[in-house]
């Protein structure tokens, strides 16, 4: 099994070539260049847009832009297992899910010893069908599309026997109760701030996460 990406400094043509060859996206040719474009932190991960170039001998058409997710270093300390289930989702659940319901994943690796993870995903920020432009909310028709897509994903896996095997047992009543208590406390804290503080907090934590 391939090693997890240690950090963004290790993003290089050789690494991306190994990733795409291992996932059988091509056997001939290689990545000639990969550039880190916009990078930003969200509440739980670091996001980076990658711009890549390939040799003319690449055996399959590949995207020139990709999206890389790695955990925030400060978040790993508090939540060391963050990202583990996301890797399971993309490697086992998404692999058998209709392609129209999930973002394409080119690579997903979790290292339990190092408690690190990386995901190389389709960069949907380049799609002409953008839901919205930050900080505006999506129009109603886009919201309906998003909800319908999520509903289809749930319907596809509803009561599926392998879901619990891959993703773990359903949340207990105690877990759900504690989650509601935490959410209510966060909501009260959020409401106590000014509009300017709210905007800054949302922008800092969730910029870019609308797509991922």
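All of the numbers you see were taken from the coordinates with simple rules; none came from a lab. Remember, predicted model here, so these are calculated numbers, not experimental data.
Listed values, structure above:
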read-out: Average Cα contact separation per residue, segment 1-127, under 8 Å, 6 or more apart, as relative contact order %; value: 24 percent
read-out: Rounded D (µm²/s) - segment 1-61, Kirkwood Rh over Cα pairs, Stokes-Einstein at 20 °C, 1.002 mPa s; value: 169 µm²/s
read-out: Alpha-carbon Rg with Dmax, taken over segment 1-127, Å; value: 14.3, 45
